[in-house]
Amino acid sequence: MDNKVSRRQLLRGALTDVALNPSKETARDILVTVFMRGGADGLNIVVPYAEDAYHRHRPNLCVPVPTDKTAAAAARAIDLDGFFGMNPAMAPLVPHWHDGIVSFVHAIGSADQTRSHFEAMMTMERGQPNDETGAASGWLARHLSTSAPEKSSPLRAVAFSNTMPDILRGATDATALNSLNDFRLVVPGGGRRETEMRSALAAFYAEGSDAAAEAGRETLAVLETLNRLSPASYKPANGAAYPVSDLGTGLRQVACLVRGNVGLEVACLDHRGPYSWDTHVTQNPFFGQQLGDLATALAAFLRDMGPEMARITLVVFTEFGRRLQEGSSLGTDHGRGSCMFLMGRNIVGGKVFRRWPGLEEKQLEPPGDLRVTTDYRDVLAEIVTKRLQNPRLSDIFPDYTPNPLGVVKG
């Protein structure tokens with residue numbers, strides 16, 4: 001049998017979702033993104049409690065001010081800077097805010113004004129307006145294609161998802177999977193046959209300097225690393241406890257990959273939670289379990305990673321915010337500006353970054369939305385250049401000149 005054909009068949013039959021790249025060591029950050037899909041209400045997540053208009057337009061949905069003695073202490077906004085407060089459901093993040101590894105950006109969003117989930121999500125994931133003139137790839141895919149990998153690894157970029165998200169669309173070195181258990185040798189019968197297959201593959205790729213041989217050795221090394229790590233029995237550090245939820249499980253597996261030093265550079269997760277962020281009807285000011293699950297999962301990841309957050313940048317974002325005015329159904333319609341979370345030891349922490357437009361009628365964007373005053377690419381461009389060490393912004397965000405906020409140290 002032809003040697004090249006047998007190698008190709010062995011890789012195809014035994015390994016799943018593998019991308020292979022040349023090796024080059026760097027000291028870039030690992031970027032973790034969490035997409036709050038559904039249009040999360042930034043006004044009730046990072047609350048502008050000092051704005052009178054916020055309370056006037058949301059008599060039933062507003063989060064009480066920190067000093068409101070008529071509300072239970074656990075139901076009041078947690079003061080951040082005398083103007084903004086965290087929703088009390090985000091209490092698990094308070095210690096990390098004070099530790100200087102959590103910040104927020106408010107009145108942030110994209111230029112898309114359709115207020116369509118599909119259009120707004122695609123715009124944000126592509127990193128450019130959603131029209132026929134731009135590239136169809138995702139901005140993170142373009143980052144990966146314009147930078148050398150930290151080291152050769154099939155797990156350079158991972159999306160914990162059923163399908164490849166648009167943010168990684170077009171990447172040749174990205175893998176979409178629901179669980180790390182999906183990345184394994186596939187040998188019918190398992191057990192002894194799997195052990196024999198591992199031994200056969202190791203022997204087959206033990207020698208040779210061609211691309212297929214090197215790829216086989218690199219892939220097998222990652223698989224062996226994952227076997228040693230045993231993702232199902234991964235033990236978080238520093239007393240961290242992840243919630244039993246899709247996001248909690250996803251971040252726990254990201255932590256496992258970070259600790260395993262498998263060449264991870266990018267991890268993408270979604271957060272829809274047990275309820276939708278699309279809160280048109282009977283919106284809970286504290287988001288029920290939704291926001292609490294998000295905050296608990298993020299706090300667990302920060303605690304678990306500890307000092308390693310010096311090389312991890314975590315970004316949480318949503319496609320758009322909600323209308324300022326509450327509706328007759330005690331919900332909120334699709335809006336414009338929302339908030340972004342930033343986490344890491346190289347982020348300027350303990351601060352709400354904003355070019356705040358105000359919430360009075362003349363300051364709103366018609367028909368009554370928080371105006372977008374910071375383009376999301378202003379923040380991402382800083383992270384890409386300063387933390388991911390990729391200067392090729394014109395390739396990553398075509399036809400856009402960023403206006404940085406200074407969210408990254410140095």
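What follows draws every value from the coordinates through simple rules; no lab data is involved. Fair warning: this is a prediction, and the values are worked out from it, not measured in the lab. No Cβ is skipped: glycine too gets one built from the backbone with ideal geometry, and neighbour counts run over all protein chains shown.
Provide the net charge surrounding residue 100, with neighbours chosen by a C-beta distance below 12 Å and charges set as Lys +1, Arg +1, Asp -1, Glu -1.
+2
With unit charges on the beta carbon (Lys/Arg positive, Asp/Glu negative), name the residue among 393, 359, 338 whose Cα is farthest towards the positive pole of the charge dipole of region 265-410.
Selected residue: 393.
Would you please put 333-340, 281-288, 231-238 in order of how densely packed they are, using the mean number of other Cβ atoms within 10 angstrom per residue and starting with the highest?
Going by the mean number of other Cβ atoms within 10 Å, highest first, we get 333-340, 281-288, 231-238.
Specify whether the C-alpha gyration tensor of region 239-395 places it in the rounded, prolate or oblate class, a ≥ b ≥ c being the square roots of the eigenvalues: rounded for a/c under 1.5, otherwise prolate if a/b is larger than b/c and oblate if not.
Oblate.
Given the peptides 44-50, 393-399, arrange them by the average over their residues of other C-beta atoms within 10 Å, most packed first.
44-50, 393-399
Ranked highest first by average number of other Cβ atoms within 10 Å, how do 319-326, 32-39 line up?
319-326, 32-39
Once a ≥ b ≥ c are taken as the square roots of the eigenvalues of the Cα gyration tensor of the chain, is the result rounded (a/c under 1.5), prolate (a/b larger than b/c) or oblate (a/b not larger than b/c)?
Prolate shape, in that a/c is at least 1.5 and a/b is the bigger ratio.
By how many degrees, 0 to 90 and rounded to 10, does the Cα axis of helix 246-260 deviate from the longest principal axis of the chain?
The answer is roughly 50 degrees.
Angle, helix 117-126 long axis vs. longest principal axis of the chain, Cα atoms, 0 to 90°, nearest 10?
Taking Cα atoms only, the helix is inclined about 60 degrees.
What aspartates and glutamates does residue 386 reach when the alpha-carbon gap must be under 15 Å and sequence neighbours fewer than 8 apart in one chain are set aside?
Reachable aspartates and glutamates: 29, 265, 378.
Output the relative contact order of the chain, whole-number percent, from Cα pairs under 8 angstrom with separation of 6+ residues.
29
Calculate how steeply helix 3-14 sits against the longest principal axis of the alpha-carbon atoms of the chain, using the helix alpha-carbon long axis, and give the answer as 0 to 90 degrees to the nearest 10.
Compared with the principal axis, the helix lies near 40 degrees.
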